[in-house]
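Below is one structure, written out as structure tokens, with a few remarks after it.
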Amino acid sequence: MDPLSTLWETFFDWGSMREALPEMLTVGLPNTLILAASAALLGSVLGMLLAVAGISRTRWLRWPARVYTDVFRGLPAAATILLIGVGLAPLGMQVWGPNPYPLGVLALSLIAAAYLGEIFRAGILSVEAAQLEGARALGFSWGESMRLVVIPQGVRRVLPAWVNQLIALIKDSSLVYFLGLLASQRELFRIGQDYAANTGNQSALLLAGLCYLLLTVPLTHAVNWLDRRLRQGRPAAPPPEPDTDLTPAGVTPTGRDPR
């Protein structure tokens with residue numbers, strides 16, 4: 001058989017794609033978005049706590065934040081998901097039963113927090129010291145100055161990096177299948193892998209990859225647009241047109257006073 005024909009049948013079997021597409025859209029896509037959005041939300045909260053602890057003058061806050069960041073950034077994501085999913089499984093059984101989904105969200109959140117903590121810390125440190133000093137001069141406490149003045153400016157500066165981390169979470173959500181999710185909890189990659197294993201054809205797996213691209217490519221372009229917008233600011237408004245009517249008030253264009 002022609003190698004090109006074999007390659008085409010292996011990856012571009014439209015029948016296999018049509019068979020897998022409904023389940024990918026109704027089950028895989030929502031679960032992927034839920035995993036990524038939940039991990040981004042929880043990871044952002046934990047990451048902000050890590051960022052504030054990382055810039056603290058108290059070493060008992062700064063050192064644990066540094067150790068946490070080094071550990072979770074140094075471990076492979078798959079290893080972290082397996083360690084948490086398997087290690088905390090007995091506790092999960094007592095809290096919510098035999099459902100590994102929350103543990104998958106927790107693992108992704110802890111991974112994201114390590115990266116987001118560094119992103120937020122860099123954004124906070126990029127804010128000029130005069131901003132903090134000015135807030136203190138107005139009577140704000142250090143905590144109020146950070147919460148109301150410095151942190152909002154720092155977060156605004158790192159929004160593109162935050163969206164980049166969301167893209168990474170969308171892709172890392174494919175690793176949660178290690179925990180053995182239920183059929184109704186499978187994400188895009190797991191559904192594509194199951195169809196590929198059952199049919200012996202990789203077209204469904206390729207379709208899953210295309211779904212990931214449809215999610216991540218628009219976000220990538222949104223990051224680039226947002227980055228340019230934050231760097232350049234809003235476009236300047238056009239100057240007002242000069243008033244070319246030099247006729248004195250109360251005089252008609254013919255030069256006669258209407259009175």
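Just so you know, all these numbers are worked out from the coordinates, no wet-lab data involved. It should be emphasised that the depicted structure is a prediction, and the values quoted were computed from it without experimental measurement. Here Cβ is always computed from backbone atoms with ideal geometry, including for glycine, and neighbour counts include all displayed protein chains.
Taking the number of other C-beta atoms within 10 Å as the exposure measure, put 184, 126, 174 in order starting with the fewest.
Least crowded to most crowded, the residues run 184, 126, 174.
What label, among (1) 52, 47, 34; (2) 94, 60, 35; (3) 53, 45, 40, belongs to Cα extents along the principal axes in Å computed from the structure on display?
Among (1) 52, 47, 34; (2) 94, 60, 35; (3) 53, 45, 40, the one calculated here is (2).
Give a residue-ordered list of calculated ³J(HN,Hα) values for the range 205-215 (Karplus: 6.51 cos²θ - 1.76 cosθ + 1.60, θ = phi - 60°; whole Hz; x for Gly, Pro).
5, 5, 4, 4, x, 5, 5, 4, 5, 5, 7
Given Cβ point charges of +1 (Lys, Arg) and -1 (Asp, Glu) and nothing else, what value in debye, to the nearest 20, does the dipole of the range 19-131 about its Cα centre take? Mind dumping the intermediate values first?
Details: 6 positive and 5 negative charges, 127 e Å.
Taking the Cα centre of the range 19-131 as origin, the dipole is about 600 debye.
Which order results if 73, 231, 186 are arranged by neighbouring Cβ count within 10 Å, fewest first?
Fewest to most other Cβ atoms nearby, the residues stand as 231, 73, 186.
For the range 47-57, what does the Karplus curve 6.51 cos²θ - 1.76 cosθ + 1.60, with θ = phi - 60°, yield as ³J(HN,Hα) per residue in whole Hz, taken in order and with x for Gly and Pro?
Per residue, the Karplus-derived 3J(HN,Hα) values read x, 5, 4, 5, 5, 5, 5, x, 9, 5, 7 Hz.
Only Cα pairs under 8 Å and at least 6 apart count here; give the relative contact order of the chain as a rounded whole percent.
Values: 280 pairs, mean separation 72.2, N = 259.
28 percent.
Residue by residue, what Karplus-based ³J(HN,Hα) values in Hz, rounded to whole numbers, does the range 82-96 have, using 6.51, -1.76 and 1.60 with θ = phi - 60° and x for Gly and Pro?
Karplus-based 3J(HN,Hα) across the range 82-96 equals 5, 4, 6, x, 8, x, 9, 4, x, 5, x, 4, 6, 8, 10 Hz.
In what sequence, highest mean first, do 39-51, 215-227, 148-160 appear when ranked by Cβ atoms within 10 angstrom?
Numbers: 39-51: 20.6, 215-227: 13.5, 148-160: 16.8.
Listed from highest to lowest mean packing, they are 39-51, 148-160, 215-227.
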